[in-house]
Amino acid sequence: MNPIKAIAISAFFCLSIQIANAQDKTPNLDSLTQALNTAITAVETAKEVYQQNFEADASRPWAINLTIVETDRKARETTYRYAFNLGDLDRYTISIEDSKKELTLEVKTKNKKDLIKYYEEGEFDGYTDEIKIWATDIDEARAIEKLMDAAIPPAEIAWSAQYRVEAIDTDLRKWLVSNIKETTVEEDEAIRQAAEFDENRKDQILIHQKSSKDATSTAMQFSLADLDPTSLQFEIKNEALFVEGQTRKKTDYIEYYENDVLDDMKDEFRVYVPDVDLGRQMASVLDTLIRFGRQEVENRLPVPADYDDAVALFESALNSFPAGQPK
């Protein structure tokens, strides 16, 4: 390892440890990402040179851009970029791979989920579950490994502090309405979305969706109380990011409409989101709103005083009502 580089890495790592001890053993994320930026630089292998830049977003210190410029022996350059949440990486998957041709450090995401945005020559090329960093020698690789291991936990904490439900300073229903909006799902397709709550039955939500490729408009209407919180998932499929969930016991409680006409009853829903952070946050918001919805339904349902009262309530519930259009 280059002596100057080794000293810089050592100094940053020692500083990070000192800050950790001074702050109830919580490592300083800014210092750790700076140390990683210092440690991860240019590496020359038998056939290529890798210029590497590890950079954290100043306002979101867990958000990392890892840019790698690969230059071959004919001076042809290819630029790769990984954009990811440092807290999404699994510190227990960090491994050093040593071959005759190159020495790399590889890290996967938790549960190997494809949460890392990958770009080649500036063009988005999908999501992946792994990053790869080149190192000059084993000492350099081990130094990067230690810094990465130390940086992942405070990155999780920093993300949670800003994106947890408790950090939202407005009514969660208003937050949900404002964040269900038009989202690109493919290079040439967007989904226009809008949501509204029934102010008389505050657990009821109506979500409109329309693809830019389809003339048909769709809508789904359901009570938050009917959702199963354990089914809520943030998922990525190709370029589309979405939150989906099911009803309790997979009962068909969700009304699906096409062009404002009731078309089917289903047990699942899907809402599209523009990025990973918002997707996970929306899943958490919905989880909290399910409890709100159940309380709303409980408060709304009358409690009969006796048998005759129960019969009267049952008879009143049999009144006619319009069907076939979103209510």
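The values are calculated or read from the model by the stated rules, or taken from the named source; none is laboratory data. Quick caveat, the model's predicted, so the values are computed rather than measured. Cβ sites come from the backbone with ideal geometry, for glycine too, and all protein chains shown count toward neighbours. Only protein heavy atoms, including side chains, enter the accessible area calculation; ligands, DNA and RNA are left aside. Shrake-Rupley method; radii C 1.70, N 1.55, O 1.52, S 1.80 Å.
So here's what we get for this one:
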| item | result |
| --- | --- |
| Amide H within-cut-off set for LEU103, under 5 Å, with H built and near neighbours excluded | ALA135 |
| Protection-proxy order for peptides 187-193, 74-80, each taking the mean of Cβ atoms within 10 Å per residue, highest first | 187-193, 74-80 |
| Relative contact order computed over the chain (Cα-Cα under 8 Å; 6+ residues apart), in percent | 11 |
| The range 181-327 - convex hull of alpha carbons, volume per residue in Å³ | 119 |
| Shape category assigned to the range 67-202 from the gyration tensor of Cα positions, a/c cut at 1.5 | oblate |
| Rounded to whole Hz, the Karplus (6.51, -1.76, 1.60) HN-Hα couplings of the range 199-215, x for glycine and proline | 6, 7, 10, 5, 7, 8, 10, 10, 10, 8, 9, 8, 7, 5, 9, 10, 6 |
| Cα-projected label distance for LYS249 with ASP30, points at 7 Å along beta-carbon direction, nm | 5.4 |
| Selected from ASP139, ASP125, ASP275 as most flexible by GNM, with the chain as the system and alpha-carbon contacts under 10 Å | ASP139 |
| Across LYS117/LYS181; LYS117/LYS146; LYS132/LYS213; LYS174/LYS237, pairs whose alpha-carbon gap is larger than 30 Å | LYS132/LYS213 |
| Whether the range 151-207 is rounded, prolate or oblate, judged on the alpha carbon gyration tensor where a/c under 1.5 counts as rounded | oblate |
| Whole-percent carbon and sulfur share, accessible surface of the range 144-206, 1.4 Å | 43 |
| Percent antiparallel among DSSP beta bridges (both partners in the chain, rounded to 5) | 100 |
| For peptides 40-53, 295-308, 249-262, 221-234, sequence by mean Cβ density within 10 Å, most packed first | 221-234, 40-53, 249-262, 295-308 |
| Three-way shape label, the chain, alpha-carbon gyration tensor, a/c 1.5 | prolate |
| Å² of accessible area per residue within the chain, as computed with a 1.4 Å probe and no ligands counted | 55 |
| Cα convex hull of the range 230-306, projected area averaged across orientations, nm² | 7.5 |
